[in-house]
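What follows is a set of notes on a single structure, which appears directly below.
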Amino acid sequence: MSTNVNYQGDLAETYEAVTEHEDQDRFGLAVAIDNLVKVTGHVVMLANLALIAAIVAQVVLRYAFNLNFPKLDELQWHFYGLVTMIGVSYALTTDSHVRVDLLHMQLSRRAQRIVEILGILFLLAPFIWLMVDQGFDYFVESYRVNERSSSATGLAYRWAFKAIIPISFVLLGIAALARLLHDVHAIFVADASERQGGGFTRLLVLIGIFALITAGLSTLVETTEEMLVIAMFMSFVGLLFTGFPVAWTLAGTGMIFCGLAYQFDMGNMAWTGLEDTFTGLDYLTLGAVVNRVYAVMSNAVLVALPMFIFMGLMLDESGVAERLMTSMTRLFGTVRGGLAITVTLIGIILAASTGIVGASVVLLGVLSLPAMMQHRYSKTLSTGVVAASGTLGILIPPSIMLVIMADQMALSVGDLFMAAAIPGMLLGAIYLLYIFGLALLNPKAAPAPDDARSPDWAAIKDIFVALIPPLALIFAVLGSIFAGICTPTEASGIGAIGATLLALAYRKLTFTKTWNVLKATFNTTAYIFAIFLGATVFSFVLRELGGDELIESMVSSTGLGPSGTVIFILCIVFLLGFVLDWIEITLIVLPLMRPIVNGLGLDIPGFGAMDEPALVWFVILVAVTLQTSFLTPPVGFSLFYLKGVCPEGIKLTDIYKGIIPFVLLQLFGLALVFIWPALATWLPSVAY
């Protein structure tokens, strides 16, 4: 799976989006539209700075002067809603959305354009029309009643904030029109090189296989609604492999199956031989999605997302990792596997201070792979260590995945942060033990450097000097949350300003780098939020079709008992991680499991202080399982991030072989948390 971003070259340009492949073939009108969307995006992305300022001001006023201003709270999610909604169209223009490009990359450029044209017309366009039409009515009704803040001291004119919904989707429609014009124009004027490439037959065969699997699974259910649920999910997975962005594949699939359900409701599908349905789905019913979109863009919990992303990207630009790599290499220079141990330790520190997997994997790869190759490390060990260590950021708090999980499962972000801390550190410790053991048993895989020198006091001093800044940032962010001083949102703002001050102190803060971090934050937040939008439509239709009842009955009918059921669910999540990204699994599958887990009657120790220890434990189990999705082919994010920065001579097969032991180690760590739930529930209970 890929976000279509370029990870080659200077780290300041790591998240620079690739726009078009053939500048000479771009259509003039489409270029003008692109520029309009980009300029709008560049203006709106500055709201991230205003968001940081609002959060920091709130913290200072509350704790320094004992003052509280509800307007500041509302300003925060107003800025968040503005950035995310406008960012969606910007991400489409810069082609920064997440897509499964395993087969897409093998297609000719002409075939890729045809896929995009069909996707925009049949998947994205209907969704845009729905959101513009129903979103406008939603705004007009709010304006008609002069809707204001629910707080007497809050912001007035709530209707103005709701106007963002139709405006942003009009902008998205304009961006989609620009891509259509680009593609149609290029098809007619491009040279023969556009036809070079294959893979189209394999794509059709794969879609055919999914159709056959869908037909086979449909025979296992009894009602038309259940058949539609299975067909809907399998259609989504099959369409993913066309390479069309995941967000719009989700939304378009939901729209299509809403239309199918309506036809079955109306009795217009008798020719299929299937029974009619009573789903109640139609165009106006689907319009309820607009209210759900508003709930997402005004969600105070999710405000922490862009802040943690900004914090991680800015910290990567600060030079902290380079200082750590230099000082730790001196400290572990005489130890077999010292470089691999250094990479893992830095991965743990970066995970606890950034939480951005792509940035961590790329940074560790750039800093360590050339050195490990120079010292004759095994290619498989080198790539496996970098990929696995960089992936720790998705589990060790502050983690954007845990923020989203907390929102979806109605749990406290602070609880999940505390619950994930010990399992995350445990995984890091398991990696270190494995590397140390492998270096002893197979010295050729991780030899000691020929020019190694024993560490002296100067090296130890350098370690402390390099460790103090990131540890201080970690303490400021996680310590304030764990101590109950700040909310996760407030802590995210502190982390963002703290990372900026670190970059300033290290003299790495330039206008260009700051602008690149802002753009990267804008793009990353936008593609995550776009998947939120698509998943909102998909999950709404899935639930209306009875998908939650079907999944609950299927899981409950296994008869495996409470523990066996949890293992069964984790196996499903693990297998889904091979073909789906953690975001889709978190947004679609995880919420469906809440009633199932609550009904199991699990006896998980909460130490008399936690309300829902079983749910917290279960979510951490899923989080550890989802960490494997970054390493498992064919769509593992970390594999593609790493391949983009590998030195010459390292093949994708080396990376695949390298991650196998680390996936097994992750499953071993998962087993430990499953056997001893206190690893996840003890720390939150202590905080209470």
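Here, each number is a calculation from the coordinates, and none is a lab measurement. These figures come from a predicted structure and were not determined experimentally. Glycine also receives a Cβ, built like all others from the backbone with ideal geometry; neighbour counts cover every protein chain displayed.
How compact and how long is segment 515-616, expressed as Rg and Dmax of its alpha-carbon atoms in Å?
Spelled out, the Cα radius of gyration and Dmax of segment 515-616 are 16.9, 55 Å.
Give me the distance between the Cα centres of segment 500-538 and segment 599-613, rounded to whole Å.
Value for the Cα centre distance between the two parts: 37 Å.
Classify segment 453-507 from the C-alpha gyration tensor, please: rounded if a/c falls under 1.5, else prolate or oblate depending on whether a/b exceeds b/c.
Values: a/c = 5.18, a/b = 2.02, b/c = 2.56.
Taking the square roots of the gyration eigenvalues as a ≥ b ≥ c, segment 453-507 is oblate.
Give me the mean projected area, in nm² to one decimal, of the convex hull enclosing the Cα positions of segment 35-166. Intermediate results must be reported in sequence, preceding the final value.
Details: hull surface 43.9 nm².
About 11.0 nm², averaged over all directions.
With θ taken as phi - 60° and the coefficients 6.51, -1.76 and 1.60, list the Karplus ³J(HN,Hα) couplings across segment 491-499 in order, rounded to whole Hz; mark glycine and proline as x.
Karplus values, whole Hz, x for Gly and Pro: 5, 5, x, 4, x, 5, 6, x, 5.
Taking one equal scatterer on every alpha-carbon of segment 103-237, how large is log10 of I(q)/I(0) by Debye at q = 0.12, 0.15, 0.19 1/Å?
For segment 103-237, the Cα-only Debye profile gives -0.77, -0.92, -1.06.
Treating only the Cβ of Lys, Arg, Asp and Glu as charged (+1, +1, -1, -1), what charge dipole size does segment 513-583 show about its Cα centre? Round to the nearest 20 debye. Could the numbers behind the result be given before it?
Values: 3 positive and 5 negative charges, 98 e Å.
That gives a dipole near 480 debye.
What shape does segment 99-164 have by the C-alpha gyration tensor, where a ≥ b ≥ c are the square roots of the eigenvalues, rounded means a/c under 1.5, and otherwise prolate means a/b greater than b/c and oblate the rest? Don't jump to the answer; show the numbers that get you there.
Details: a/c = 6.42, a/b = 2.97, b/c = 2.16.
Taking the square roots of the gyration eigenvalues as a ≥ b ≥ c, segment 99-164 is prolate.
List, in order, the whole-Hz ³J(HN,Hα) value for each residue of segment 531-536 obtained from phi through the Karplus relation with A = 6.51, B = -1.76, C = 1.60 and θ = phi - 60°; use x for Gly and Pro.
Karplus-based 3J(HN,Hα) across segment 531-536 equals 5, 4, 4, x, 5, 4 Hz.
Compactness ratio of the chain: Cα Rg over 2.2 N^0.38 Å, N = residue count? Write out the running numbers ahead of the final one.
Values: Rg = 25.0 Å, N = 688, 2.2 N^0.38 = 26.3 Å.
In units of the globular-protein estimate, the chain measures up at 0.95.
Nearest 10 degrees, 0 to 90: what angle lies between the long axis of helix 70-93 and the longest principal axis of the chain (Cα atoms)?
Tilt of helix 70-93: around 80 degrees.
With the calculation restricted to Cα positions, what are the radius of gyration and Dmax of segment 532-688 in angstrom?
17.7, 56
When each pair of different Cα atoms in segment 228-362 is counted once in the 1/r mean, what is the Kirkwood radius in angstroms, to one decimal? Don't skip to the end; give the middle numbers.
On the way: mean 1/r = 0.0507 Å⁻¹.
After inverting the pairwise mean of 1/r, the radius is 19.7 Å.
Distances longer than 20 Å among the Cα atoms of segment 596-657: what percent of all pairs is that? Before the final figure, lay out the partial values.
Values: 954 of 1891 pairs.
I get 50 percent for the Cα pairs in segment 596-657 exceeding 20 Å.
Taking the C-alpha atoms of segment 190-291, how large are the radius of gyration and the largest Cα-Cα span, Dmax, in Å?
16.7, 52
Using the alpha-carbon atoms, what tilt in degrees (0 to 90, nearest 10) does helix 678-687 show relative to the longest principal axis of the chain?
90 degrees
Let's see if you can work this out: charge +1 on each Lys and Arg Cβ, -1 on each Asp and Glu Cβ, no other charges. What is the dipole magnitude of the chain about its Cα centre, in debye to the nearest 20?
Numbers: 33 positive and 48 negative charges, 380 e Å.
The calculated dipole for the chain is roughly 1820 debye.
Per 5 Å bin from zero, what fraction in whole % of the C-alpha pairs of segment 341-397 is there, up to the bin with the longest pair?
Going from the shortest bin to the longest, the percentages are 4, 25, 33, 21, 11, 5, 1.
Using just the helices of the chain, give the 222 nm mean residue ellipticity in deg cm²/dmol: DSSP H runs with n ≥ 4 each add -39,500 (n - 2.57), and the total is spread over all residues, rounded to 500. Don't jump to the answer; show the numbers that get you there.
Numbers: 29 runs with 461 residues, N = 688.
Computed ellipticity for the chain at 222 nm equals -22000 deg cm²/dmol.
Give the lysines reachable from residue 508 as a straight Cα distance under 18 Å; neighbours fewer than 8 places away on the same chain don't count.
Within reach: 519.
Enter the angle in degrees (range 0 to 90, nearest 10) between the Cα long axis of helix 379-391 and the first principal axis of the Cα atoms of the chain, meaning the one along which they spread out most.
With rounding to tens, the tilt is 70 degrees.
Tell me, rounded to the nearest percent, the portion of alpha carbon pairs in segment 425-532 spaced more than 19 Å apart.
Values: 4071 of 5778 pairs.
Cα-Cα pairs of segment 425-532 separated by over 19 Å account for 70 percent.
For segment 147-302, what is the charge dipole size about the Cα centre, in debye to the nearest 20, if Lys and Arg each add +1 at the Cβ and Asp and Glu each add -1 at the Cβ? Walk me through the intermediate numbers first.
Details: 7 positive and 11 negative charges, 148 e Å.
So the magnitude is around 700 debye.
What does the convex hull of the Cα atoms of segment 407-450 come to per residue, in Å³, rounded to a whole number? Write down the numbers at each step before the final one.
On the way: hull volume 4.5 nm³, N = 44.
With only Cα atoms used, segment 407-450 gives 103 Å³ per residue.
Show me, for segment 237-248, the HN-Hα J-couplings you get by feeding each phi into the Karplus relation (A = 6.51, B = -1.76, C = 1.60, θ = phi - 60°), rounded to Hz, glycine and proline as x.
Using θ = phi - 60°, the values come out as 4, x, 5, 4, 6, 6, x, 6, x, 4, 4, 7 Hz.
Please grab the % of Cα pairs in segment 300-382 that end up more than 20 Å from each other.
Numbers: 1211 of 3403 pairs.
Everything past 20 Å amounts to 36 percent.
For each of 143, 262, 431, count neighbouring Cβ atoms within 10 Å of the residue's Cβ, then give the residues from fewest to most.
Numbers: 143 15, 262 19, 431 27.
Ranking 143, 262, 431 by Cβ neighbours within 10 Å, fewest first, gives 143, 262, 431.
Taking neighbour Cβ counts within 10 Å as the exposure measure, how do 473, 509 sort from fewest upward? Display every interim value, and only then the final one.
Values: 473 24, 509 18.
Least crowded to most crowded, the residues run 509, 473.
Taking the number of other C-beta atoms within 10 Å as the exposure measure, put 572, 404 in order starting with the fewest.
So the ranking, lowest neighbour count to highest, is 572, 404.
If you average 1/r over every pair of different alpha-carbon atoms in segment 504-565 and take one over that average, what Kirkwood value in Å do you get?
Values: mean 1/r = 0.0633 Å⁻¹.
When all Cα pairs of segment 504-565 are included, the Kirkwood radius is 15.8 Å.
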